[in-house]
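Student: A single structure is presented below for examination.
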Amino acid sequence: MSTTPTLGLRANAAQFALLVGLNALVGGMVGLERSVLPLVGEHDFKLTSTAAILAFVVAFGLAKAITNLAAGALADRVGRQRLLILGWLVALPVPLLIGLAPSWSFIVVANILLGVNQGLAWSMTVVMKIDLAGPARRGLALGLNEAAGYLGVAATALATGALAATYAPRTVVWVGAAIIAAVGLFIAVVFVRDTGAHVAVEQRAHAGGTTEPLPGLAAAFRTATLEHPVLRACNQAGLVNNLNDALAWGLTPLYLAAHGSSVREIAIVAAAYPVVWGLGQLVTGWLSDHVGRKPLITAGMLVQAAALGILLAGGGSFATALPAAVLLGVGTAMVYPTLIAAVSDVTQPRDRARIVGVYRFWRDFGFAIGALAAGILTDLVSADAAIGAVAALTAASGLIVAGTRWSDHTTRPGGVGQSVAVAIPDDPGSAPAPQGA
């Protein structure tokens, strides 16, 4: 006998908690690389070009961005759980490629697969948690999801940095990746349940059971990228956020090493950023449900810019890089879950996976742009020039969000699916989302 699913964190506590834990493993896959892999390129493979070293971040970002877009379009057709399982299957060859790599190109290929893994697995944990939580506590749900993921990043970044002082860094990375991929696949297959029925329940309550055709991916992409002001603002902010994250991931370890920091000190800086980012989202996701999305996004981008300015002013010293990493984590915590919640606010439940996929495409495309730009600027000018340029761009992004009209009309959770090519109509039957003016 089937029962109608109930929306809400309490009603779905067991499955929600399982997805939170699983996302910590998804984040852990990336964290394995954050403190040591750029140094592996420099020391093990004798690469002298920063752009060449950061090619692994470019490959990761492009693969994840494209997979995010595809996952959003396929989620309703294929099913959330199936895509989640596929994401973990794709991760299985990653440790083998890293462990046996005879050249840096194998590391780049491994990171293409890692990007696909992240695009499928992280996207589905995000969408499934939104499905379970319902609209009332969406910010809190996303804060918990992103906190788990980035605490996973922090834990493995710190662990690999510490172990790399004793064991070969590449060995630490591939052994850790093999363990995490196997455990993640097991949990996804055995314990996770699909949330498609929860989407149907929310859609019926949201739009009176509308049966209008779903918009195509091209129409959703056009609306989210060009036509809807809030979605457009969120997309550019997400892109710039991950642009400076690419800088923190790929360039900062090289920058600190060039100024005399040890592997342990680099690991501490690499872990401090996602620790603060992860823990902060436990507060900021909830806070955005009460004070609104726009203030946190605007302030968070400006805080990130200030953090990069401090890193630059400190000239690569560990004493300055650590507080800069902490401040960067604070700013990112303010922005990260809030942006996805803002995108969900203006999206009908049935279109959520598709529109969130478009946002995540642009956000993670920032990895590729950031790594490419940072590498080229560093090779042609200096690392200081790259950091300064990204800081200025991050501040400009925050000002763009500040200048975007964030009205009651655009913060209601509805409308994108009803008319993807014109202004979003207000849906009087939906509950108002938090104000962010």
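The values are calculated or read from the model by the stated rules, or taken from the named source; none is laboratory data. Just so it is clear, the model here is predicted, and its values are computed rather than measured. Ideal geometry is used to build each Cβ from the backbone, glycine not excepted, and the neighbour counts take in all protein chains shown. Ligands, DNA and RNA are excluded from the accessible area calculation, which covers all protein heavy atoms including side chains. Shrake-Rupley method; radii C 1.70, N 1.55, O 1.52, S 1.80 Å.
Student: Does segment 199-207 contain at least one residue that is at pLDDT 90 or above, open to solvent by 60 Å² or more (accessible area, probe 1.4 Å), among the basic types (Lys, Arg) and under 25 Å from Gln81 (Cβ atoms)?
Tutor: Checked segment 199-207: no residue is at pLDDT 90 or above, open to solvent by 60 Å² or more (accessible area, probe 1.4 Å), among the basic types (Lys, Arg) and under 25 Å from Gln81 (Cβ atoms).
Student: Exactly one condition in (1) farther than 27 Å from Ser103 by Cα; (2) open to solvent by 30 Å² or more (accessible area, probe 1.4 Å); (3) among the polar types (S, T, N, Q) is not met by Asn23; state its number.
Tutor: (2)
Student: Can I ask one more? Yes or no: Ala155 within 17 Å of the chain's Cα centre (by Cα), open to solvent by 10 Å² or more (accessible area, probe 1.4 Å) and small (Gly, Ala, Ser)?
Tutor: yes
Student: Determine which member of the set Phe56, Phe106, Phe60, Phe45 is open to solvent by 50 Å² or more (accessible area, probe 1.4 Å) and more than 26 Å from Val190 (Cα to Cα).
Tutor: Phe106
Student: Ok, one more. Could you pull out the residue among Ala168, Ala147 that is at pLDDT 85 or above and surrounded by fewer than 20 Cβ atoms within 10 Å (Cβ to Cβ)?
Tutor: Of Ala168, Ala147, the one residue that is at pLDDT 85 or above and surrounded by fewer than 20 Cβ atoms within 10 Å (Cβ to Cβ) is Ala168.
Student: Considering (1) under 23 Å from the mean Cα position of the chain (by Cα); (2) within 21 Å of Val30 (Cα to Cα); (3) open to solvent by less than 60 Å² (accessible area, probe 1.4 Å), say which one Thr195 fails and leave the rest.
Tutor: Every listed condition holds for Thr195 apart from (2).
Student: So Arg222 fits all but one of (1) touching a helix residue (DSSP H, G or I) at 6+ places or on another chain (Cβ under 8 Å); (2) assigned to a helix (DSSP H, G or I); what number is the exception?
Tutor: (1)
Student: List the pairs whose first member sits in segment 375-399 and is under 11 Å from Val240 (Cα atoms) and open to solvent by less than 20 Å² (accessible area, probe 1.4 Å), whose second member is at pLDDT 95 or above and among the β-branched types (Val, Ile, Thr), and whose Cβ atoms are under 6 Å apart, counting only residues at least 6 apart or on separate chains?
Tutor: So the pair list comes out as Thr394/Val240; Ser397/Val240; Gly398/Thr298.
Student: To continue, here is another question. Read through the list (1) over 30 Å from Arg77 (Cα atoms); (2) in contact with a Ser or Thr (Cβ under 8 Å, 6 or more places away or on another chain), then give the number of the only condition that Thr166 fails.
Tutor: Failing condition for Thr166: (2).
Student: What number of residues within segment 274-295 satisfy the criterion of being open to solvent by less than 10 Å² (accessible area, probe 1.4 Å) and either assigned to a helix (DSSP H, G or I) or among the charged types (D, E, K, R) (or both)?
Tutor: Matching residues across segment 274-295 total 7.
Student: Can Leu47 be described as of a type in the set (A, V, I, L, M), at pLDDT 90 or above and more than 19 Å from Leu247 (Cβ to Cβ)?
Tutor: no
Student: Which members of segment 1-44 meet the condition of being closer than 30 Å to Leu377 by Cα and in contact with a Ser or Thr (Cβ under 7 Å, 6 or more places away or on another chain)?
Tutor: Gly28, Gly31, Leu32, Ser35, Val36
Student: So Trp88 ticks every box in (1) under 27 Å from Tyr255 (Cβ atoms); (2) buried (at least 19 other Cβ atoms within 10 Å of the Cβ); (3) not acidic (Asp, Glu) but one. Which box is left unticked?
Tutor: Unmet for Trp88, out of (1) under 27 Å from Tyr255 (Cβ atoms); (2) buried (at least 19 other Cβ atoms within 10 Å of the Cβ); (3) not acidic (Asp, Glu): (1).
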